[in-house]
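To keep things clear, I will list the structure first and then write my remarks on it.
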Amino acid sequence: MEAAARARRAGRRAVRDVSPDPLRERIHALLDESAMVPGVLTLSSARAVEGPSASTAGIEDRAAGVQLIYEGLRLTRALAADVPWDRDPPHTDGNVAILAADVMVARGFSLLASTEAADKAVETVKSFGRDETDDQQGRESRPHALEVDVFELAVLAGTTAFGVEPPESLLAYVEDLAASLGGDRPDPPESVPEEVAKAMADVPTPRRFESADEARPSATDP
């Protein structure tokens, strides 16, 4: 899928200055193995607003930001469920993994900091912490909570790049998508871009506003 490849390249660019090399290579490996669902949703949502001729300036950074936050939180969830330090006496692999998770979330935040999705990114991480605490303490947590929150973050980051709030039809679609995907690294259905476009087309007049990208410089600008 072209959108997945674009989001993956953007994610790799976003961490090109991470050091030492083994840490950066671990992040690259996580991105290479990922189906890039959040990144695809971000790019597809932006395209659904402006069409195929829309400029991609800044949109791929948004896709990378959402994807990196997801990969970091997903890795943290996996580490909490299967603690690596119990089977890794030198703790090397586990330490690199938790550092990679921290770096990805932090870099994702930096990419979204000057966008309309910044507050939602913060809420997503806070919600993740609450859900993990509930799980560890035996309380019932929301099903597919991380995926629902991240997918909502993705469509918000995509549509608001062109001054449009994600409509309820699109939010309902991504919630259903999160519930339908199984496993820790779900493959996105090939129809994601078409389904996003359909959800946007169901809205007669999307609510527009001045986008942050028009009013403020990108978080990645020098």
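Can you put PHE109, PHE128 in order of Cβ neighbours within 10 angstrom, beginning with the fewest? Display every interim value, and only then the final one.
On the way: PHE109 18, PHE128 22.
The fewest-first ordering by Cβ neighbours comes to PHE109, PHE128.
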> When Lys and Arg each count +1 and Asp and Glu each count -1, what net charge do the other residues less than 11 Å away from VAL15, Cβ to Cβ, add up to?
Replying inline: +3
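Determine the shape class of the stretch 99-189: with a ≥ b ≥ c the square roots of the Cα gyration tensor eigenvalues, call it rounded for a/c under 1.5, and otherwise prolate if a/b is greater than b/c, oblate otherwise.
Numbers: a/c = 1.73, a/b = 1.20, b/c = 1.45.
Because a/c hits 1.5 or more and a/b fails to exceed b/c, the stretch 99-189 counts as oblate.
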> Can you list, largest first and rounded to whole Å, the semi-axes you get for the stretch 2-215 by taking the square root of 5 times each eigenvalue of its Cα gyration tensor?
Replying inline: 29, 19, 15
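Contour minus end-to-end for LEU79 and SER19, with contour as 0.36 nm per residue of separation and end-to-end as the Cα-Cα distance?
On the way: separation 60, 0.36 × 60 = 21.60 nm, distance 2.17 nm.
Gain on stretching LEU79 to SER19: 19.4 nm.
Bear in mind that the values in this text are calculations on the coordinates, not laboratory data. As the structure is a prediction and not an experimental result, all values here were calculated from the model. Glycine gets a Cβ as well: all are built from the backbone with ideal geometry, and neighbour counts include every protein chain shown.
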